[in-house]
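Trainee: One structure follows; several queries about it will come next.
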Number of protein chains: 4
Amino acid sequence: MPVIDMDGVRALGRELSNWGRWGDDDQRGTLNLITPERTAAATAAVRRGASFSLSVPADETGPYDLRTSGRFNPIHTMTRYRGDNPRYGPQDFQSSEDMLIIGTHSSTHFDALAHLWYDELLYNGRHHHDAVTSLGAARNSIQNLVTGVVSRGVLVDMPRLRGTTHLAPGTRVGPADLDEALGAAGVTPRPGDVLLLRTGTYPRERRGLEVEPGASPGLSWECARWIREHGIAAVCADNLAVEALGANPGGPMIPFHMVAIRDMGLLLGEMFDFEDLADDCAADGVHECLFMASPLNIPGGVGSPVNPIAVK
Amino acid sequence: MPVIDMDGVRALGRELSNWGRWGDDDQRGTLNLITPERTAAATAAVRRGASFSLSVPADETGPYDLRTSGRFNPIHTMTRYRGDNPRYGPQDFQSSEDMLIIGTHSSTHFDALAHLWYDELLYNGRHHHDAVTSLGAARNSIQNLVTGVVSRGVLVDMPRLRGTTHLAPGTRVGPADLDEALGAAGVTPRPGDVLLLRTGTYPRERRGLEVEPGASPGLSWECARWIREHGIAAVCADNLAVEALGANPGGPMIPFHMVAIRDMGLLLGEMFDFEDLADDCAADGVHECLFMASPLNIPGGVGSPVNPIAVK
Amino acid sequence: MPVIDMDGVRALGRELSNWGRWGDDDQRGTLNLITPERTAAATAAVRRGASFSLSVPADETGPYDLRTSGRFNPIHTMTRYRGDNPRYGPQDFQSSEDMLIIGTHSSTHFDALAHLWYDELLYNGRHHHDAVTSLGAARNSIQNLVTGVVSRGVLVDMPRLRGTTHLAPGTRVGPADLDEALGAAGVTPRPGDVLLLRTGTYPRERRGLEVEPGASPGLSWECARWIREHGIAAVCADNLAVEALGANPGGPMIPFHMVAIRDMGLLLGEMFDFEDLADDCAADGVHECLFMASPLNIPGGVGSPVNPIAVK
Amino acid sequence: MPVIDMDGVRALGRELSNWGRWGDDDQRGTLNLITPERTAAATAAVRRGASFSLSVPADETGPYDLRTSGRFNPIHTMTRYRGDNPRYGPQDFQSSEDMLIIGTHSSTHFDALAHLWYDELLYNGRHHHDAVTSLGAARNSIQNLVTGVVSRGVLVDMPRLRGTTHLAPGTRVGPADLDEALGAAGVTPRPGDVLLLRTGTYPRERRGLEVEPGASPGLSWECARWIREHGIAAVCADNLAVEALGANPGGPMIPFHMVAIRDMGLLLGEMFDFEDLADDCAADGVHECLFMASPLNIPGGVGSPVNPIAVK
């Protein structure tokens, strides 16, 4: 697949732009594709009532090191646990409390549309100076997802399609791959669908299984057009950045992100874990589910940890 | 309603106990009542596909003051926002990041079954010394809910039933009140249901509306028996503690909690906001919904912030 | 005292500027006035060896509320305390651990010279865009004080001079007041001295004593000139901002800060507590001490909590 | 040197005990040895007025990994930095703010006497159940040091004495080594002195210099007796635990800690950096200094980060 340069990103962004599509004040982007009708229709994907968590643990086992990445893994600590509660004196009951210190992009999470931009402007044409300040995102914050993302999820299990446990480092998943995978799964993508891209990489690493080091496998930037054409509302992947990393030498590092978040207003979910879901889909041959995820209610947040659920 | 003393709590606990009901190793309690069949059946509650968030903002507007309560309101802070990213040098894109510091019980949340106990033992008979340590809960942690709580939700809108905006301080909602409210709503409770108790108090306070100060309205301890009989899987309320506070003078402060969490293994959700959902239910006369909530994936957590969603 | 407008601030800044005085690369400002000779000479202020802490507790009893001020009080929490250490298994000893979450300006602290600026430039003429980023202060950080502030401290106890427990809200302490107080104390200011300004306000409030609400008493902006003339190396005060607040109607809110930090490179310490020291000085008539304070070693920090010590 | 078992620890503890020595209510332990007279006399160690920081940076470059140690390195993050202050609207000045999240034992720090105990009792015979709760240390907290540790510091530079850059892993520094080092330095230990033990290990590791992996060099448990006899008030070292680790096979892991903190009430400082000070001492042959350190004012704290200063 060809390298895309900055001008190419800009041109692709104009081509696929959703600015103004849902009004000049819109802050929800492709979430608008999940209409109430689509949400209601998605319940048909529930057959057995089996639930799957799509998250990795929000704890110190994450991939980050503040020394190199500017992100730290979540810190979970007990603050009370042996039944004492000296603030209130002796009581008939005992209780425990704990605390979480978490970067909103450091475990399974959604990106708010205020998370990323280029050429000074955010999704729907707002200048970042006014939109994202020390108080948080005044525009395009994660709170625009507060009523949840409830739609049909469709699993693209690329490693199984290729007969392997995980995609090799640097593998780019292109539009033809998506078509092939969905075709093999017997799924016809519909507007409002949430695309669940399994690469098998990060969850395997977390569990200590062997994965060759190197650039992350993921979507190629050309998938942006495919996503726009099929009316996909969100893409969630089990890698760090949805798209392939190290896959656009000489050009911008994350061209898909740039067009997807800033021009398309596309909801992206990262650091997911599809292992259990994928096993089940392989077993029963059904690759659709009711996808449900709701970010924490963080005013001004530019992301949120989330524990997405798939129900089949 | 009568005062219950510590011996009464113990007797009620024995009467309503679910210890061993789902095996000696069970850590999920009444969540077992939400069988796959119940989850699948709950999708029938979705008619229009309208979604409602049941959470309050996870930010500094919460009710806590560390000086008096031992809890602090969530702290949300931007950590990067003006597009700079000096760690990586100049780039074609800009991005922002933020952080959340949150006590797991300080905004809309679920209590893990490891959160509360009495007489040294947790739900299903484990001693707290082994079960809850500085590393977190080895038993009954919030991670037992990681595949989500997906079932039918039924709204009990007590203030509307009584023709008021919110229950007066100290009001105890008893079993007869629940029967009356559900009857008026045309809802027959089913095993696995999630009971959504609206008192109208805390969300009003948050929005700066006038609420008389005083003891919190909420469930009376006698509702524990009603909940056991009807097979309710979870109770979520828009107050600080589900049950009425200041309502058991001379006896334990929170007798319902003691029996519900420790003996019944009942899932409790607190600090919810039902204002939007309740308006909709009043408008269309339908008081059931598909309830979906998933705690963060926190190994050993004794609670978790959550943004529950109701879909009608 | 007259109101100063923005042009007046700029003119005063030029008049008192220390830019270039200690080299174009200097990041320490008036700390340069504390030469090794001054440090060595300051030990002569030690007579009895009596030590005094000049800090307020770094805990939830602070003055801040995130809802209104953008700052939160320090959060101190135990993370292990009952002797358990399950990570390491049974051991012969037991131990406890705790954690501090603290804004560097939210308790007794020093301001780094990177904390405040105007007209885009920091002390010594660096543009803030390059100097203060999401990684911290690349210039003028608190780490420039890492070898400590060790010099003579001289106490100006204004309330005692005026025969009161604390200055009335809005009281401006001017150059003549400083001269009068030092004269009465028998202290001749010397270059490199640390000026300790007692107003009596904030520590009284902290202890729950009655203080009329209102604008903070503190230095008038005209003291900047006095400080420059006398070669004062640092000013520390027992209020929130050293200078009087609400005292320059129609002009900049904190004109003294603007000139002191940005133009003079003056070290400012805030939220100090001089109550014990002042009692001792009143008792023995000696208003000088060996002042010692060292910020935490925070690379890039724009402030630091500190527990300054006075030895007499 | 011989292995000491648990009974040996108890016997040594009884032998060296300071319980009751400064009253039954004492919470300061050997800090009592730093009398005002000792503090005043220590100023004689200041000759040139040269200051040295004895701390390592309180940031992500620390040695801890939450996955294995239960401790995390300090997190320093900017929270405002580009001059915006939208909470207050446009202003004539701009400012920046930052935040520190720090375990009190995760960078250069003092241990409070409430940090460690055995056989259920803390220093001076208090039971840990009452003394250390979720609210912090009610006894023996770090706040007992709030007026600072100001005394003579004496440097023991073991690597230089042995003609090396750092002690080999597992090296035990015994009483004879201390005598030899101080003799070579021409220093006679005095009651109230702060012993500064350089091993050269941890600061070298931090700077990326080569250090053989392995058990930490440090004091042998037999030094406890030497310290008691010489009236040493505090021991600070540039390793993680003052004493040698991995040096008492088959016996308690940290026997020196157990006797020093719990029985002697000895103040311990850890993770210091003596590199600059040691270079200076080697250059001028003077191994004494005025040592000054003050923990943060943390009510109930069981430790505190600190940036200790040496003045020569």
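Trainee: Does the range C:201-221 hold any residues that are within 23 Å of C:LEU182 (Cα to Cα) and either of a type in the set (Phe, Trp, Tyr) or surrounded by fewer than 18 Cβ atoms within 10 Å (Cβ to Cβ) (or both), and which are they?
Mentor: Result: C:TYR202, C:TRP221.
Trainee: Turning to a different aspect of this structure: Out of A:LEU266, A:LEU277, report the one residue that is within 14 Å of chain B (Cβ to nearest Cβ) and either out of contact with any Cys (no Cβ under 7 Å at 6 or more places or on another chain) or on the phi < 0 side of the Ramachandran plot (or both).
Mentor: Among A:LEU266, A:LEU277, only A:LEU277 is within 14 Å of chain B (Cβ to nearest Cβ) and either out of contact with any Cys (no Cβ under 7 Å at 6 or more places or on another chain) or on the phi < 0 side of the Ramachandran plot (or both).
Trainee: I've got another one for you. Of everything in the range D:132-142 that's surrounded by fewer than 23 Cβ atoms within 10 Å (Cβ to Cβ) and touching a residue at least 12 places away in the same chain (Cβ under 8 Å), which residue is farthest from D:ASP25 (Cα to Cα)?
Mentor: So, considering only residues that are surrounded by fewer than 23 Cβ atoms within 10 Å (Cβ to Cβ) and touching a residue at least 12 places away in the same chain (Cβ under 8 Å), the one farthest from D:ASP25 (Cα to Cα) is D:LEU135.
Trainee: Report whether or not B:GLY153 is within 28 Å of A:VAL150 (Cβ to Cβ) and either assigned to a loop (DSSP other than H, G, I, E, B) or at pLDDT 95 or above (or both).
Mentor: Numbers: within 28 Å of A:VAL150 (Cβ to Cβ): yes; either assigned to a loop (DSSP other than H, G, I, E, B) or at pLDDT 95 or above (or both): yes.
Here the answer is yes, as B:GLY153 does meet what is asked.
Trainee: If we keep just the residues of the range C:263-282 that are over 17 Å from the mean Cα position of the chain (by Cα) and among the hydrophobic types (A, V, I, L, M, F, W, C), which is surrounded by the most Cβ atoms within 10 Å (Cβ to Cβ)?
Mentor: C:CYS281
Trainee: Any idea which of A:PRO305, A:PRO299, A:PRO252 is in the same structural domain as A:ARG21 (by TED's automatic domain parsing) and over 18 Å from A:ILE142 (Cα atoms)? Outline the logic, then answer.
Mentor: Values: A:PRO305 fails: over 18 Å from A:ILE142 (Cα atoms); A:PRO299 fails: over 18 Å from A:ILE142 (Cα atoms).
After ruling out the rest, the residue left standing is A:PRO252.
Trainee: Would you tally the residues in the range B:121-137 being more than 8 Å from every other protein chain (Cβ to nearest Cβ) and either hydrophobic (A, V, I, L, M, F, W, C) or on the phi > 0 side of the Ramachandran plot (or both)?
Mentor: To start, the set of residues in the range B:121-137 that are more than 8 Å from every other protein chain (Cβ to nearest Cβ) comprises B:121-127, B:130-131.
With either hydrophobic (A, V, I, L, M, F, W, C) or on the phi > 0 side of the Ramachandran plot (or both) added as a condition, the list becomes B:121-122, B:124-125, B:131.
Total meeting the criteria: 5.
Trainee: Would you tally the residues in the range D:177-200 being surrounded by 15 or more Cβ atoms within 10 Å (Cβ to Cβ), assigned to a loop (DSSP other than H, G, I, E, B) and of a type in the set (Val, Ile, Thr)?
Mentor: Looking only at that region, the number is 2.
Trainee: Give C:LEU178, C:LEU161, C:LEU145 a once-over and let me know the one that is farther than 29 Å from C:MET6 by Cα and without any contact (Cβ under 8 Å) to a residue 60 or more places away in the chain.
Mentor: Numbers: C:LEU178 fails: farther than 29 Å from C:MET6 by Cα; C:LEU145 fails: without any contact (Cβ under 8 Å) to a residue 60 or more places away in the chain.
The match here is C:LEU161.
Trainee: Can you name every residue in the range B:101-115 that is buried (at least 24 other Cβ atoms within 10 Å of the Cβ), part of a strand (DSSP E or B) and at the interface with chain A (Cβ under 7 Å from one of its Cβ atoms)?
Mentor: B:ILE102, B:GLY103
Trainee: So is B:LEU167 open to solvent by less than 60 Å² (accessible area, probe 1.4 Å), more than 19 Å from B:LEU266 (Cβ to Cβ), of a type in the set (A, V, I, L, M) and touching a strand residue (DSSP E or B) at 6+ places or on another chain (Cβ under 8 Å) or not? Write out each step before concluding.
Mentor: Working: open to solvent by less than 60 Å² (accessible area, probe 1.4 Å): yes; more than 19 Å from B:LEU266 (Cβ to Cβ): yes; of a type in the set (A, V, I, L, M): yes; touching a strand residue (DSSP E or B) at 6+ places or on another chain (Cβ under 8 Å): yes.
So B:LEU167 fits the description; yes.
Trainee: Now, a different point. Evaluate the range D:72-83: report whether one residue or more is touching a residue at least 40 places away in the same chain (Cβ under 8 Å) and not in a helix (DSSP H, G or I). Spell out the reasoning first.
Mentor: Taking the range D:72-83 first, the residues touching a residue at least 40 places away in the same chain (Cβ under 8 Å) are D:74.
Of the ones still in play, those that are also not in a helix (DSSP H, G or I) are D:74.
Scanning the range D:72-83 turns up at least one residue that is touching a residue at least 40 places away in the same chain (Cβ under 8 Å) and not in a helix (DSSP H, G or I).
Trainee: I'm told C:TYR88 meets every condition in (1) assigned to a loop (DSSP other than H, G, I, E, B); (2) at the interface with another protein chain (Cβ under 7 Å from one of its Cβ atoms); (3) at pLDDT below 95 except one. Can you identify the failing condition by its number?
Mentor: Unmet condition: (2).
Trainee: Could I ask something else about it? Can you confirm whether D:GLU243 is in the same structural domain as D:THR30 (by TED's automatic domain parsing) and either open to solvent by 10 Å² or more (accessible area, probe 1.4 Å) or free of Cβ contacts under 8 Å to residues at least 24 places away in the same chain (or both)?
Mentor: Details: in the same structural domain as D:THR30 (by TED's automatic domain parsing): yes; either open to solvent by 10 Å² or more (accessible area, probe 1.4 Å) or free of Cβ contacts under 8 Å to residues at least 24 places away in the same chain (or both): no.
Spelling it out, it is not the case that D:GLU243 is in the same structural domain as D:THR30 (by TED's automatic domain parsing) and either open to solvent by 10 Å² or more (accessible area, probe 1.4 Å) or free of Cβ contacts under 8 Å to residues at least 24 places away in the same chain (or both).
Trainee: Kindly list, by first and then second residue, each pair from a residue in the range A:300-312 that is touching a residue at least 12 places away in the same chain (Cβ under 8 Å) and hydroxyl-bearing (Ser, Thr, Tyr) to a residue that is open to solvent by 10 Å² or more (accessible area, probe 1.4 Å) and not in a loop (DSSP other than H, G, I, E, B), limited to pairs with Cβ atoms under 8 Å and residues at least 6 apart or on different chains.
Mentor: A:SER304/A:LEU145
Trainee: Select from the range C:91-100 the residues that are assigned to a loop (DSSP other than H, G, I, E, B) and under 16 Å from B:THR133 (Cα atoms) and write down the one among them that is farthest from the other protein chains (Cβ to nearest Cβ). Let's see the steps before the verdict.
Mentor: Of the residues in the range C:91-100, the ones assigned to a loop (DSSP other than H, G, I, E, B) are C:91-93, C:96.
With under 16 Å from B:THR133 (Cα atoms) added as a condition, the list becomes C:91, C:96.
Values: C:GLN91: 7, C:SER96: 5 Å.
So the residue we want is C:GLN91.
Trainee: Shifting gears a bit: Can you name the condition, by its number, that D:VAL286 falls short on among (1) within 17 Å of the chain's Cα centre (by Cα); (2) of a type in the set (Val, Ile, Thr); (3) under 22 Å from D:ASP179 (Cβ atoms)?
Mentor: (1) is the only condition that D:VAL286 fails.
Trainee: Condition first: outside any loop (DSSP other than H, G, I, E, B), more than 7 Å from chain B (Cβ to nearest Cβ) and exposed (fewer than 15 other Cβ atoms within 10 Å of the Cβ). Now tell me which residues in the range A:14-68 satisfy that.
Mentor: A:ARG14, A:GLU15, A:GLY20, A:GLY23, A:ALA44, A:ARG67, A:THR68
Trainee: Within the range D:201-228, track down each residue that is in a helix (DSSP H, G or I), closer than 20 Å to D:ARG10 by Cβ and among the charged types (D, E, K, R). So that I can check it myself, show each step before the final result.
Mentor: First pass over the range D:201-228, keeping only residues in a helix (DSSP H, G or I): D:201-206, D:223-228.
Right, trim to closer than 20 Å to D:ARG10 by Cβ and you get D:223-228.
Within the range D:201-228, D:ARG225, D:ARG228 meet the criteria.
Trainee: So, B:ALA260, is that one open to solvent by less than 10 Å² (accessible area, probe 1.4 Å) and either among the small types (Gly, Ala, Ser) or within 10 Å of another protein chain (Cβ to nearest Cβ) (or both) or not? Step through it out loud before you land on a result.
Mentor: Working: open to solvent by less than 10 Å² (accessible area, probe 1.4 Å): yes; either among the small types (Gly, Ala, Ser) or within 10 Å of another protein chain (Cβ to nearest Cβ) (or both): yes.
So B:ALA260 fits the description; yes.
Trainee: Working carefully through the options C:GLY153, C:GLY125, find the one that is in contact with an Asp or Glu (Cβ under 9 Å, 6 or more places away or on another chain) and more than 28 Å from C:ALA247 (Cβ to Cβ). Show your work before the answer.
Mentor: On the way: C:GLY153 fails: more than 28 Å from C:ALA247 (Cβ to Cβ).
It is C:GLY125.
Trainee: Name the strands (runs of 3 or more DSSP E) wholly inside the range B:260-312 in which the number of residues that are under 19 Å from A:PHE93 (Cβ atoms) and in contact with an Asp or Glu (Cβ under 9 Å, 6 or more places away or on another chain) is 1 or more.
Mentor: Numbers: elements: B:267-270, B:288-293, B:303-305, B:309-311.
Counting at least 1 such residues, we get B:267-270, B:303-305.
Trainee: Going by what's in this entry, would A:SER220 be described as modelled with pLDDT under 95, on the phi < 0 side of the Ramachandran plot and small (Gly, Ala, Ser)? Spell out the reasoning first.
Mentor: Numbers: modelled with pLDDT under 95: no; on the phi < 0 side of the Ramachandran plot: yes; small (Gly, Ala, Ser): yes.
When the stated conditions are applied, A:SER220 does not pass them.
The values are calculated or read from the model by the stated rules, or taken from the named source; none is laboratory data. Here the structure is a predicted model, which is why all the values come from computation and not from measurement. Here Cβ is always computed from backbone atoms with ideal geometry, including for glycine, and neighbour counts include all displayed protein chains. Just so you know, the surface numbers come from the protein's heavy atoms only, side chains and all, with ligands and any DNA or RNA stripped out. Shrake-Rupley method; radii C 1.70, N 1.55, O 1.52, S 1.80 Å.
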